[in-house]
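J.: Submitted below is the structure of interest, expressed as structure tokens.
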Amino acid sequence: MNKNIIVIIAILLLGIGGYLFITFQKKDNAKKIHYHAGFVVFNNNKQINFSGFKYMVIKPCNLDNKKEEESDEDDQMEKAHLHDQIGDVVHVERENAKWVDLFTNLKYKVDYSKATAYLNGKKLDNFRELVIQPYDNLVVLIGSKDTNQALKKAVTVAHVKQVEKRSENCGT
């Protein structure tokens, strides 16, 4: 075989190997975390109920309790999601998960230009890109607003802690 062909093949194999190494290294280095925050959304003064199955992440249990290989879609969903038909406590399992990740995963469209939000009781101009922090509580108002009534419905830290005590490990 021609030496040039061998060199080209070797370079290609090294390139592919390097790409695969970097790709798997990034997935393996994704810091796994797990914390919770509360949220509530009002659209024209009506509280949105996110406790339905269509908003939940439901993972099947397997016999040896090992996780399956995650896809990029799973990685997005792990950022911010709901469990156990509890529609006001977000589970965060990836670093730098933002409120926009939650609403993307819920498939709930928010016109951020028309939304007003309160994070931990403080009014925000833009909450979309804020990183969700443990025990945050977000109140989102869209359309006509009764701010005082909405803020009274803010999720408490006590409620979030109560949710944390529930098991997510296949009923164990």
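J.: What's the total number of residues in segment 91-128 that are modelled with pLDDT of 95 or more and acidic (Asp, Glu)?
T.: Count: 1.
J.: On to the next question. Here are TYR35, TYR55: which of them is modelled with pLDDT of 75 or more, touching a Pro at 6+ places or on another chain (Cβ under 6 Å) and surrounded by 10 or more Cβ atoms within 10 Å (Cβ to Cβ)?
T.: Values: TYR55 fails: touching a Pro at 6+ places or on another chain (Cβ under 6 Å).
So the residue among TYR35, TYR55 that is modelled with pLDDT of 75 or more, touching a Pro at 6+ places or on another chain (Cβ under 6 Å) and surrounded by 10 or more Cβ atoms within 10 Å (Cβ to Cβ) is TYR35.
J.: What's the number of the only condition in (1) at pLDDT 95 or above; (2) in contact with a Ser or Thr (Cβ under 8 Å, 6 or more places away or on another chain) that THR147 fails to meet?
T.: (1)
J.: Please count how many residues of segment 134-149 are more than 20 Å from VAL100 (Cβ to Cβ) and in contact (Cβ under 8 Å) with a residue 60 or more places away in the chain.
T.: Our first condition is that a residue be more than 20 Å from VAL100 (Cβ to Cβ); within segment 134-149, this holds for 144-149.
Those left that are additionally in contact (Cβ under 8 Å) with a residue 60 or more places away in the chain: 144-146, 149.
Selection size over segment 134-149: 4.
J.: Quickly run through segment 87-120 and pick out the residues that are assigned to a loop (DSSP other than H, G, I, E, B) and touching a Leu at 6+ places or on another chain (Cβ under 7 Å). Steps first, please.
T.: Of segment 87-120, the ones assigned to a loop (DSSP other than H, G, I, E, B) are 87-88, 95-97, 107-111, 120.
Result: no residue meets the conditions.
J.: Based on this model, can you work out whether GLY121 counts as in contact with a strand residue (DSSP E or B) (Cβ under 6 Å, 6 or more places away or on another chain) and not hydrophobic (A, V, I, L, M, F, W, C)? Write out each step before concluding.
T.: Numbers: in contact with a strand residue (DSSP E or B) (Cβ under 6 Å, 6 or more places away or on another chain): no; not hydrophobic (A, V, I, L, M, F, W, C): yes.
No.
The values are calculated or read from the model by the stated rules, or taken from the named source; none is laboratory data. All values derive from a computational prediction rather than experimental measurement. A quick note on method: Cβ atoms are made from the backbone with ideal geometry, for glycine too, and the neighbour counts reach across all protein chains shown.
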